[in-house]
Amino acid sequence: MLNMTLTTPFAVYVHWPFCLSKCPYCDFNSHVRHGGIDETRFLRAYEIEIAAIAARAPNRTVSSIFFGGGTPSLMQPSSVGAILNCIGKHWTVARDVEVTLEANPTSVEATRFRGYRTAGVNRASLGVQALDDASLRELGRLHTAQEALDAVAVARAIFERYSFDLIYARPQQTTDAWAAELKRAIAEAAEHLSLYQLTIEPDTPFFGLHKAGKLKVPDEDLARDLYDLTQIICADAGLPAYEVSNHARVGAECRHNLVYWRGHDYAGVGPGAHGRLTIDGRRVATATEKRPEAWLMRVEESGTGLIVEEKLTSGEAADEYLLMGLRLAEGIDPARYSALSGRALNPKRISILREEGAVETTADGRLRVTQSGFPLLDAVVADLAA
Ligand SMILES: C[S@@+](CC[C@H](N)C(=O)[O-])C[C@H]1O[C@@H](n2cnc3c(N)ncnc32)[C@H](O)[C@@H]1O
Ligand code: SF4
């Protein structure tokens, strides 16, 4: 049985599934609609869905809200405001709630950003991806490096907090070039950066090009060097990794993402959104219909876009806690794992991983992956999971 108090963080994720164009590396639930979309109709469906989820998980205090995508910065500020009002109608919202909106540099205008600010957004997360034009073109991005930097300046002027994303381990990228680019990025960053290694996802144009030998990405050794360099440069600049791909000054971590990694509850609203809700002491996994128009019709017809509501077994809930929690530099609380799963982690496996230098136990008894263990995270989790 999970313990739930009023102060337990509770997050709301709102997925906006539309983009101006589809980037060739991206396998997120994002769609291009040249004919435009009926935003008012979608907005109404978001409101219905929020009510439906709040009925399943009432009496929560929302500590963070995240508009992700897709490209939520294509939404009208009034729609963002209406969704925030609706969340406030169905749940209590914490006074210091973190409200993040993901923005693509092509759709950043100061007036629009001020509108989001007025609506209640207090943190922007920008998809910069690269700071050189050739790479941006290769990634299929519609913005230039200068436009990205201009967008960062707008975010800095308008929001209390901002972060931006870069993708590294890109085709032909050298360690010297990445070091220079990262230092340039850090000079523009305030408190938070997300740095993702390029992954070649199935069913994307990059996958086909890579398979055909037309897209050469760094081999394992170079990718490892780029990763190590990233850790050193960011830590030196006061932005250590608090999660595999996320760096922040102490206290400036993204509270919303911490909810996922620390295994707390979150509602997933919009097409293809996932959620985790504790209902009657059981952790329930939820997911909505992915296809935007099918989701819309489903919500209109049945009052919810949910297509999955699955009670997790204690083993599944515990393994999920392990999988998510070990991504964090702070690691996991083995006692919480035991409480979830009904049995302790295997001490023999832990001691082998400890001898190999992949995990360590902190002074306060937490189990965490070491710096050198992080590149082997998947194997470590597989080893420890039930
Ligand atoms: C879903 S995107 C949303 C942000 C916004 N739509 C944009 O692209 O600017 C979130 C982030 O995931 C990262 N990302 C997406 N696909 C990736 C891939 N194949 N490899 C590495 N990072 C990826 C990008 O850094 C991107 O900013
Ligand atoms: S803009 Fe972002 S979400 Fe949209 S296709 Fe590109 S990476 Fe994916």
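Condition first: more than 16 Å from ligand 1 (Cβ to nearest atom), in contact with a Leu (Cβ under 9 Å, 6 or more places away or on another chain) and in a loop (DSSP other than H, G, I, E, B). Now tell me which residues in segment 167-197 satisfy that.
THR174, GLU191, listed by residue number.
I'd like the full set of residues that are under 23 Å from the mean Cα position of the chain (by Cα) and within 20 Å of GLU300 (Cβ to Cβ), limited to segment 46-69.
TYR46, GLU47, GLU49, ILE50, ILE53, ALA54, listed by residue number.
Do we find that ILE200 is touching a helix residue (DSSP H, G or I) at 6+ places or on another chain (Cβ under 7 Å), more than 29 Å from SER30 (Cβ to Cβ) and either within 12 Å of ligand 1 (Cβ to nearest atom) or among the aliphatic types (A, V, I, L, M) (or both) in this structure?
Judged against the criteria, ILE200 is not a match.
Anything in segment 348-386 that is loosely packed, with under 14 Cβ neighbours inside 10 Å, more than 24 Å from the chain's Cα centre (by Cα) and assigned to a helix (DSSP H, G or I)? List them, or say none.
The answer is LYS348, SER351, ILE352, GLU355.
Every residue in segment 203-237 that is of a type in the set (Gly, Ala, Ser) and in contact with a helix residue (DSSP H, G or I) (Cβ under 9 Å, 6 or more places away or on another chain), please.
Result: ALA223, ALA237.
Please determine, by comparing only the residues of segment 29-55 that are closer than 16 Å to MET75 by Cβ and in a loop (DSSP other than H, G, I, E, B), which one is nearest to ligand 1 (Cβ to nearest atom).
SER30
Any chance segment 60-76 includes a residue that's farther than 24 Å from LEU258 by Cβ and away from ligand 2 (no atom under 16 Å from the Cβ)?
Yes, segment 60-76 has at least one match.
Show the residue pairs meeting these rules: Cβ distance below 6 Å; 6+ apart or different chains; first residue within segment 136-155 and over 11 Å from GLU109 (Cα atoms) and among the aliphatic types (A, V, I, L, M); second residue outside any helix (DSSP H, G or I) and away from ligand 1 (no atom under 14 Å from the Cβ).
Qualifying pairs under 6 Å: ALA145/ASP132.
Suppose the filter is over 13 Å from ILE83 (Cβ atoms) and in contact with a strand residue (DSSP E or B) (Cβ under 6 Å, 6 or more places away or on another chain); does PRO9 pass it?
It is true that PRO9 is over 13 Å from ILE83 (Cβ atoms) and in contact with a strand residue (DSSP E or B) (Cβ under 6 Å, 6 or more places away or on another chain).
Of all residues in segment 77-107 being closer than 20 Å to ILE37 by Cα and among the aliphatic types (A, V, I, L, M), which is farthest from ligand 2 (Cβ to nearest atom)?
Ranking the candidates gives ALA82 first.
Under 21 Å from CYS23 (Cα atoms), buried (at least 18 other Cβ atoms within 10 Å of the Cβ), under 17 Å from the mean Cα position of the chain (by Cα) and not charged (D, E, K, R): does that describe SER135?
no
Taking the stated definitions as given, is GLY140 at positive phi and surrounded by fewer than 18 Cβ atoms within 10 Å (Cβ to Cβ)?
In short, yes.
Kindly indicate whether any position in segment 22-43 is within 16 Å of ligand 2 (Cβ to nearest atom), more than 20 Å from GLU293 (Cα to Cα) and in contact with a helix residue (DSSP H, G or I) (Cβ under 8 Å, 6 or more places away or on another chain).
yes
Restricting to segment 110-131, count the residues that are farther than 20 Å from LEU258 by Cα and either assigned to a helix (DSSP H, G or I) or within 15 Å of ligand 1 (Cβ to nearest atom) (or both).
14
Return yes or no: is ASP228 of a type outside the set (Gly, Ala, Ser), touching a Pro at 6+ places or on another chain (Cβ under 9 Å), more than 25 Å from ASN104 (Cα to Cα) and free of Cβ contacts under 8 Å to residues at least 12 places away in the same chain? Write out each step before concluding.
Numbers: of a type outside the set (Gly, Ala, Ser): yes; touching a Pro at 6+ places or on another chain (Cβ under 9 Å): yes; more than 25 Å from ASN104 (Cα to Cα): yes; free of Cβ contacts under 8 Å to residues at least 12 places away in the same chain: yes.
Here the answer is yes, as ASP228 does meet what is asked.
Suppose the filter is more than 10 Å from ligand 1 (Cβ to nearest atom), within 21 Å of the chain's Cα centre (by Cα), at pLDDT 95 or above and of a type in the set (Phe, Trp, Tyr); does PHE10 pass it? Show your work before the answer.
On the way: more than 10 Å from ligand 1 (Cβ to nearest atom): yes; within 21 Å of the chain's Cα centre (by Cα): yes; at pLDDT 95 or above: yes; of a type in the set (Phe, Trp, Tyr): yes.
Yes, satisfied.
Scan segment 74-87 for residues that are under 9 Å from TYR116 (Cα atoms), in a helix (DSSP H, G or I) and out of contact with any Pro (no Cβ under 9 Å at 6 or more places or on another chain) and jot them down.
The answer is PRO77, SER78, GLY81.
State the number of residues belonging to segment 70-109 that are at pLDDT 95 or above and either of a type in the set (Val, Ile, Thr) or away from ligand 1 (no atom under 16 Å from the Cβ) (or both).
Of the residues in segment 70-109, 26 are at pLDDT 95 or above and either of a type in the set (Val, Ile, Thr) or away from ligand 1 (no atom under 16 Å from the Cβ) (or both).
Which condition breaks for ARG343 when tested against (1) under 20 Å from ASN246 (Cβ atoms); (2) in a loop (DSSP other than H, G, I, E, B); (3) of a type in the set (D, E, K, R)?
Going through (1) under 20 Å from ASN246 (Cβ atoms); (2) in a loop (DSSP other than H, G, I, E, B); (3) of a type in the set (D, E, K, R) one by one, ARG343 breaks only (1).
The values are calculated or read from the model by the stated rules, or taken from the named source; none is laboratory data. The structure presented is a predicted model; accordingly, all values stated were derived computationally and were not measured. Because the Cβ atoms are built from the backbone with ideal geometry, glycine has one as well, and the counts that use them run over all protein chains shown.
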